Every structure is written in structure tokens, then in C-alpha cells.
Amino acid sequence: MERTLKGNGPLYPVLGLASCVTFLYMSFGDLIYYSQEPAQNNFVSKSGTQLMLRGKAFYVNGWNSYWLMDQAVEDYSRPRVRAMLQSGAKMGLTVCRTWAFNDGAYNALQISPGQFDERVFKGLDYVIAEARQHGIKLILSLVNNLQPFGGKTQYVTWASEQGYGLSSSNDSFFYDPSIRNNFKTYIMTMLTRKNTITGIEYRDDPTIFAWELMNEPHCMTDPSGNILQHWIAEMASFVKSIDKNHLLTVGLEGFYGPSNPEKLSANPGDWASSLGSDFIRNSNISNIDFASVHIYVDQW
């Protein structure tokens with residue numbers, strides 16, 4: 001009997017160790033998996049006009065699902081995020097563009113200038129972690145030109161409510177120093193966010209393909225395009241001062257502006273050259289890495 005107990009004795013700590021390891025894996029398996037994946041050489045870069053990944057040409061084959069963070073906040077809707085990313089991966093898609101903002105609206109990420117809802121930020125953490133697990137890279141847009149999800153209008157409203165706004169014009173987002181500083185605070189918070197699932201700061205995560213300054217920026221009060229040009233240059237420089245790993249784009253629709261009058265006839269209408277954006281001029285800013293064109297086939 002004594003020999004039997006001695007013989008089985010070591011089994012108990014072994015079982016205990018196995019149970020502990022199993023518990024740790026079930027609880028933190030994703031964290032362990034993500035942390036072990038090497039980040040070096042996994043960032044998409046550019047060489048001339050070619051995108052590169054791990055020393056080879058990288059071709060974008062992707063889609064736009066702006067709603068991922070919003071759907072990742074609530075438990076009941078979170079499975080839609082995984083299902084969307086799984087579907088994209090099965091189709092062989094490589095990049096998804098989505099919002100990394102929600103300012104002052106329902107399920108707002110930024111509740112007020114510089115104040116964030118951790119619950120919503122964890123939703124974005126989940127989006128990035130899921131994309132990483134499915135081999136999808138993300139273009140994360142930082143603010144909206146339009147009112148849905150808050151956008152530049154919300155920044156101007158906050159400035160007015162707090163008594164420091166220079167103008168009630170939505171375009172003061174681009175030239176009001178206080179509002180520009182508020183947006184820089186947002187950028188800093190976003191880029192230095194440490195993902196609660198992967199343990200990786202966003203600026204160090206190769207899952208992110210690129211940052212996009214704004215979804216379809218317009219500054220209609222300045223058709224010359226100078227105000228928007230200066231804003232893009234300032235914000236692009238600020239992003240690159242924090243994050244030298246990731247590519248950066250503006251978020252333009254692709255409309256030609258006054259700097260290229262010979263190309264205006266290629267726009268979908270005369271109105272397109274009066275929005276304050278200027279495709280070639282804006283895209284030629286030194287810290288902008290690649291250009292974008294938005295096509296709405298039912299409209300142009």
C-alpha cells in the first residue's frame with residue numbers, strides 16, 4: 001500500500017500542472033499565440049511604387065466594412081465581426097478598411113475630447129486581434145468628414161459647447177488650432193493604444209496595413225485647397241512622428257483640383273473640383289505613402 005501511494009504520488013502534481021497549463025491556454029491562448037508571432041518584417045512597406053511584405057511584392061485584394069468596431073462592442077453582435085473576417089480570408093482577400101473612430105455618437109469611442117470609452121476601445125482591440133488571427137490586414141480610418149459616427153462636425157460642436165471654437169463652420173476642424181490639437185490627442189491615443197488581447201501597441205502591430213487620416217476630406221469653404229493641404233501635411237507629419245512602422249494615406253475620393261486644371265474634365269462633374277480636395281497635390285505630400293480612389297458606380 002505504501003509503495004502504491006509512493007508510486008502514484010508524482011501523478012498529482014503532474015495532473016495539477018496539466019490542469020494549470022490547460023486553464024492558462026483556455027484563458028490566454030490567444031494572447032500567447034499573438035505574442036509569439038514575430039513582428040519583424042511583417043509590416044507592409046513600399047519600394048518605389050510597389051507595396052512590399054517580407055521582401056516580396058504585396059497586392060491589395062480587399063474590401064470595406066466600416067462597421068467592425070461598432071459591432072464588436074456588444075456580445076450579441078461580436079460574432080458578425082469574426083464571420084466577416086473569416087469570409088474575407090476564405091475568399092483570399094488580404095486587406096479590410098474599417099473605422100477606428102466613433103465620436104460622440106451611439107457606442108462612441110471618444111465621448112468628449114480626449115475622453116474614451118474603454119468598453120468600445122476593447123471592441124477595436126477585438127477587431128484587430130481577429131484580423132490578425134485570420135491573416136487580414138487593416139486600413140484604419142481616424143475621423144469622418146461626414147456627420148455619421150460624429151466626424152469633424154462633432155469636434156466643432158465640442159469646441160463650441162466648451163467655448164473655445166473660432167467658428168461654427170464644420171471646416172474649422174481644419175484650421176482651428178484648438179480643434180487640431182484635439183485631433184492630435186486622438187491620434188496619439190489611438191497609435192499608442194496597447195491592445196488588451198494581444199498586448200501589442202497599435203503602432204507596433206503589423207496587422208495594421210495603414211492609417212487613413214480622414215474618410216473623404218472636404219473643405220468646401222476653401223476651393224483653393226490650401227487649408228486642407230496644410231492640414232494633411234501637419235497631421236501626416238504628426239502621425240509619422242509617433243509611428244514610423246505603418247503606411248499612411250489621406251482617404252481621398254480621387255477628385256482633381258485647381259493644381260491640375262487640365263485634368264478637371266476627368267472629374268465626374270464640375271462640383272468635384274470645388275470641394276477643397278486636390279488628388280495629386282494632396283497625395284504628393286512627403287509623408288503620404290499611397291493614394292486612394294473611391295468609386296460609387298451608381299453615382300459616377
Through the Karplus equation 6.51 cos²θ - 1.76 cosθ + 1.60, θ set to phi - 60°, convert the phi angles of region 221-230 into ³J(HN,Hα) values in whole Hz; use x for Gly and Pro.
6, 9, x, 5, x, 5, 5, 5, 4, 5
Selected from VAL60, PHE116, SER77, residue furthest toward positive end of dipole (the chain; charges at beta carbon)
VAL60
Long-range HN-HN contacts of ASN144 with modeled amide H, under 5 Å
GLY151, LYS152, ASN215
Connecting every pair of Cα atoms under 10 Å apart in the chain and solving the GNM, the largest mean-square fluctuation among SER277, SER87, SER237 falls on SER87
Selection from ILE197, PRO268, GLN229, by position along the positive dipole direction of region 61-284 (Cβ)
ILE197
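What value, in deg cm²/dmol to 500, does the helix sum -39500 (n - 2.57) over DSSP H runs of n ≥ 4 give at 222 nm once divided by the residues of the chain? Numbers along the way, then the final one.
On the way: 10 runs with 119 residues, N = 300.
Result for the chain: -12500 deg cm²/dmol, rounded to the nearest 500.
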Residue with peak Gaussian network fluctuation, the chain [Cα springs, cutoff 10 Å], from ASN144, ASN182, ASN260
ASN260
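Say the cut-off is 28 Å between C-alpha atoms; which of LYS137/LYS263; LYS90/LYS263; LYS46/LYS122; LYS46/LYS90; LYS122/LYS184; LYS90/LYS152 go over it?
Cα-Cα > 28 Å for LYS137/LYS263; LYS90/LYS263; LYS46/LYS122; LYS90/LYS152; rest within.
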Collect residues whose amide H, placed 1.01 Å from N in the peptide plane, falls under 5 Å from the amide H of THR94; neighbours closer than 5 in sequence don't count.
ASN61, GLY62
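State the antiparallel share, in %, of DSSP beta bridges confined to region 61-284, rounding to the nearest 5. Intermediate results must be reported in sequence, preceding the final value.
Numbers: 3 of 20 bridges.
So the antiparallel bridges in region 61-284 amount to around 15 percent.
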Quote to one decimal, in nm, the extra length available between ASP298 and THR189 on full extension: 0.36 nm per residue of separation minus the C-alpha distance between them.
35.5 nm
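Could you check how much of the accessible area of the chain is carbon and sulfur, as a whole percent, using a 1.4 Å probe?
Working: 8140 of 14820 Å².
Its accessible area is 55 percent carbon and sulfur atoms.
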In this structure, the FRET efficiency calculated for GLN147 and GLU118 from their beta-carbon separation, with R0 = 25 Å, to the nearest 0.05, is 0.50
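For region 61-284, report the accessible area per residue in Å² (1.4 Å probe, heavy atoms, rounded to an integer).
On the way: 8600 Å² over 224 residues.
Normalised by residue count, the accessible surface of region 61-284 is 38 Å².
The values are calculated or read from the model by the stated rules, or taken from the named source; none is laboratory data. This one's a predicted model, so the numbers in the text were calculated from it and none came from an experiment. All Cβ positions, even for glycine, are placed from backbone atoms using ideal geometry, and neighbour counts span all protein chains on display. Ligands, DNA and RNA are excluded from the accessible area calculation, which covers all protein heavy atoms including side chains. Shrake-Rupley method; radii C 1.70, N 1.55, O 1.52, S 1.80 Å.
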